[in-house]
Amino acid sequence: MSSPDIVLGPNQYGKAEVRVVRVNRDTPVHTLMDLNVSSMLRGDFTDCYTEGDNTRVIATDTQKNTVYAFAKEHGITTPEQFLLLLGRHFTEYAEVDGGRWTAESYPWERIQVPSSDGTLTEHEHSFVKSKQEIRTAALTIQNGDEHLMGGFSDLTVLKTTGSEFSGYPKDRYTTLPETRDRVMATDITARWLFAADVDAQEVDFDALYAQVKQIVMEQFALVHSLSLQQTLYAAGEAVLGAAEQIEDIRFVMPNNHHYVVDLSPFGLENPNEVFQAGDRPYGLMNASVTRRAAPERPQAWEWIGGFA
C-alpha cells in the first residue's frame, strides 16, 4: 500500500557505458574514435516508478541503438559535439524534458613504422592504445538550458623536487615531519564548464582540450609548490586566463604519497633517492576555480561524481 507521506525524489534513467568505436575510412589514412557513452533521461516518469506504467518511457535499448546509428549517420568528430547531437535529439521527445549525456574518449596513437628512407612514419591504419589520460565530456539539458563540459581523468604526473610542505598546525596526533624537498605526484581529474553563451559551432574542442591539458601540466611542472592545493589553484587560474570559453574548472587530485625509506639500519644514507610509493590512505584535494562573475549553474554539476 502506498503512503501519502512518501514521494519519488529526483531521478533519471538510461543506458550506461555504450561502447562505440567509429572508423573514418574516407581516405587511405583512417581515423579512429573510441567512446564510452552514457545517456540518462529526465522527465515525468513517476508512474513508471510507482505504478509500473511504461507508456512514457523511452527504452534504454533505444538509447543504445541511437548512439550507434548517430555514429554512422553523423560521425564522431569530438565527444562534446557528439553529446550535443544526442542531447538535442532526445529532448525532442515529448516525454523528455532534460537529461545528462556523458562520454569517455580513449586515446589511440598511430604505430610508427619504417619508411622507404629508413625514418619512422605513422602507419595509415594501425594504432596503439595510449596509456595517458582519458578524455571526458558531459552535457546536461535542464529547463531548456544546455550545460556543456570538457575534461579528463587519470592524468598521472610526478615531480622529483620543487615541492615542499610545512607550516601546518601540529597537535599530539601529528607525526608528519615538515619537508622542504619532496616528491609530489597525483592523478589529475578535471572538468571544465563552458560559458552558457559559447557557440559550440565556433569552438575547436580538440585544440581547446590540448591547450587545457598542456597548461595544467605546465603549472604542475613550473610552480614551486608549497602544497598540492596551491598547484591546483595555479593550474585553474592559468586555464581561465587563457581560455575565455571556460567559466569554471574543477579538479580532483589525490596526493600520491612517496615516503623516504629509512636505510639507516643498513648503514646507508638516503638523501631523497629511494622512496616507498604509498597506496592508501592518501590526501585528496577537490576544488573549483571559477570566474567571479560566473552565474551559479548547479544543474551542470549535479550527479557528476566527485565534483558537486
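Test residue 51 against the stated conditions and say whether it is closer than 30 Å to residue 122 by Cα and open to solvent by 70 Å² or more (accessible area, probe 1.4 Å). No.
Across the stretch 137-179, the qualifying residues are those that are touching a Ser or Thr at 6+ places or on another chain (Cβ under 6 Å), closer than 30 Å to residue 19 by Cα and without any contact (Cβ under 8 Å) to a residue 60 or more places away in the chain, and the one among them that is surrounded by the fewest Cβ atoms within 10 Å (Cβ to Cβ) is 153.
Being among the β-branched types (Val, Ile, Thr) and either under 27 Å from residue 303 (Cβ atoms) or under 22 Å from the mean Cα position of the chain (by Cα) (or both) is the filter here, so list the residues in the stretch 8-36 that pass it.
If the condition is that a residue be among the β-branched types (Val, Ile, Thr) and either under 27 Å from residue 303 (Cβ atoms) or under 22 Å from the mean Cα position of the chain (by Cα) (or both), then 18, 20, 21 are the ones that fit.
Of the strands (runs of 3 or more DSSP E) lying entirely inside the stretch 185-278, those containing at least 2 residues that are surrounded by 19 or more Cβ atoms within 10 Å (Cβ to Cβ) are 246-255.
For the stretch 97-110, taking the residues that are hydrophobic (A, V, I, L, M, F, W, C) and surrounded by 20 or more Cβ atoms within 10 Å (Cβ to Cβ), the one that is farthest from residue 135 (Cα to Cα) is identified as 101. Scanning the stretch 279-308 for residues that are open to solvent by less than 60 Å² (accessible area, probe 1.4 Å) and either assigned to a loop (DSSP other than H, G, I, E, B) or on the phi > 0 side of the Ramachandran plot (or both) returns 294, 297, 304, 306, 307. When you scan the stretch 86-105, do you find a residue that is in contact with a Gly (Cβ under 6 Å, 6 or more places away or on another chain) and of a type in the set (Ser, Thr, Tyr), even just one? Within the stretch 86-105 (the criterion being in contact with a Gly (Cβ under 6 Å, 6 or more places away or on another chain) and of a type in the set (Ser, Thr, Tyr)), the answer is no, since none of the residues qualifies.
Looking across 156, 102, 160, 140, one residue alone is touching a Lys or Arg at 6+ places or on another chain (Cβ under 7 Å), of a type in the set (S, T, N, Q) and under 30 Å from residue 229 (Cα atoms). It is 140.
Residue by residue, here is whether (1) assigned to a loop (DSSP other than H, G, I, E, B); (2) at pLDDT below 95; (3) open to solvent by 50 Å² or more (accessible area, probe 1.4 Å) holds:
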position	(1), (2), (3)
34	no, no, no
38	no, no, no
47	no, no, yes
55	yes, no, yes
58	yes, no, no
61	no, no, yes
68	no, no, yes
72	no, no, yes
76	yes, no, no
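Among the aliphatic types (A, V, I, L, M), assigned to a loop (DSSP other than H, G, I, E, B) and farther than 18 Å from residue 83 by Cβ, is that true of residue 23? No; evaluated as a whole, the condition is false for this residue.
The values are calculated or read from the model by the stated rules, or taken from the named source; none is laboratory data. Please read all numbers here as calculations on a predicted model, not as lab measurements. Quick reminder, even Gly has a Cβ in these numbers, built from the backbone with ideal geometry, and neighbours come from all protein chains shown. Calculation scope for accessible area: heavy atoms of the full protein, side chains included, ligands and nucleic acids excluded. Shrake-Rupley method; radii C 1.70, N 1.55, O 1.52, S 1.80 Å.
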